[in-house]
Amino acid sequence: MGTDLRAYQTSLSDIISLSGIGVHSGERVSISMLPADANTGIVFRRVLADGNSIDFPAVVNQVGATDLCTMLGDPATVHVSTIEHMMAAFSAVGLDNVVVEVDTNEVPIMDGSSRVFIEAIDRVGLTHFAAKRRYIRVKKTIRAEIGGSWAEFSAHEGTRFEVVIDFESAAIGRQEFKSEVEVDIFRNELAKARTFGVM
């Protein structure tokens, strides 16, 4: 293994157990994050009441819906939703391989941010493997539009986000974030950012 550990895959050094409430269902949720072998990737395992389980790899062809959350699986049957805050935490800390066991159809909202997940990962730490990471490199600009919203990926040496939201609500209004996103920037500036609802 080379000296730059960022080039190598990771997993958790121990099991993490958390519980909370599902923001969409209002149900109590228990999750366990389990260490996984190199090249496993991120897998959400929906544990059913009869003890059986269904695995949903966190890959694009498993995404079943993106209305108000990101959902893996079939919205009409078995699925795992509200994975976005946990996925952001995994990306921020460089966690490549983990199995997340969930006992209902959604990940708990915790405090509405990624912070709780990052703190839990920090407590157990990461194990590095000899297997190298694989990356997706953006070579040309790709744009997706839905209604008045759009997202664009452009070639760049690094990982930079330029995000703007603009809501009529005075409590939210227009907000911008433009920066290279490294681990420390995510931890200090983004991890505590919370989702919101309107009543």
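The values are calculated or read from the model by the stated rules, or taken from the named source; none is laboratory data. These figures come from a predicted structure and were not determined experimentally. Reconstructed Cβ throughout: ideal geometry from the backbone, glycine too, with neighbour counts over all protein chains shown. The accessibility values were calculated without ligands, DNA or RNA, using every heavy atom of the protein model including side chains. Shrake-Rupley method; radii C 1.70, N 1.55, O 1.52, S 1.80 Å.
Amide hydrogen proximity for Glu106: with H placed 1.01 Å from N in the peptide plane, the residues at 5 or more positions away or on another chain lying under 5 Å are Ser81.
Only lysines eight or more places from Lys178 in sequence, or on another chain, were considered; those with a Cα closer than 19 Å are Lys192. Computed per residue of the chain from DSSP H runs no shorter than four, each worth -39500 (n - 2.57), the mean residue ellipticity at 222 nm is -3000 deg cm²/dmol.
Computed from backbone phi, the HN-Hα couplings of the range 178-192 come to 9, 5, 5, 10, 9, 4, 5, 5, 4, 4, 8, 10, 10, 4, 8 Hz, rounded to whole numbers (Karplus: 6.51 cos²θ - 1.76 cosθ + 1.60, θ = phi - 60°; Gly and Pro given as x).
Using a probe of 1.4 Å on the protein chains alone, the accessible area found for His79 is around 20 Å². Tally Lys and Arg at +1 and Asp and Glu at -1 over the other residues with C-beta under 15 Å from the C-beta of Gly94: what net charge comes out? That sum, taken over residues with Cβ under 15 Å, equals 0. Between Phe153 and Val78, the simple label model (points 7 Å from Cα in the Cβ direction) yields a spacing of 2.9 nm. One decimal place: the segment Ile172-Asp111 gains 20.2 nm when fully extended, by the rule 0.36 nm per residue minus the C-alpha distance. Which of rounded, prolate or oblate describes the range 64-199 when judged by the alpha-carbon gyration tensor and an a/c cut-off of 1.5? Here the range 64-199 falls in the rounded category.
Before I look further, what does the chain give for accessible area per residue, probe 1.4 Å, in whole square angstrom?
Details: 12570 Å² over 199 residues.
Value returned for the chain: 63 Å² of accessible area per residue.
Put a plus charge on the Cβ of each Lys and Arg, a minus charge on the Cβ of each Asp and Glu, and nothing anywhere else: the dipole of the range 133-184 about its Cα centre is then about 460 debye.
Which is the longest stretch in the chain that no exposed loop site breaks, taking sites as chymotrypsin sites (Phe, Trp or Tyr not before Pro) with a DSSP loop state and at most 16 other Cβ atoms within 10 Å?
1-134
Derived scalar couplings between HN and Hα for the range 37-51 equal 5, 4, 6, 6, x, 9, 10, 9, 10, 7, 8, 8, 4, 7, x Hz in order, rounded to whole Hz, by the Karplus curve 6.51 cos²θ - 1.76 cosθ + 1.60 (θ = phi - 60°), x for Gly and Pro. Rounded to the nearest 20 debye, the dipole magnitude of the chain is 480 debye, with +1 charges on Lys and Arg beta carbons, -1 on Asp and Glu beta carbons, and the Cα centre as origin.
As a calculated quantity, the FRET efficiency between Arg134 and Ser53 at R0 = 22 Å, using C-beta atoms, amounts to about 0.25. When the accessible area of the range 107-199 is computed with all protein chains present and a 1.4 Å probe, what percentage of it is carbon and sulfur? Carbon and sulfur atoms account for 52 percent of the accessible area of the range 107-199. Highest GNM mean-square fluctuation among Val23, Val181, Val163, for the chain modelled with Cα contacts below 10 Å: Val163. Comparing Ser149, Ser179, Ser91 in a Gaussian network model of the chain (Cα springs below 10 Å), the most mobile by mean-square fluctuation is Ser149.
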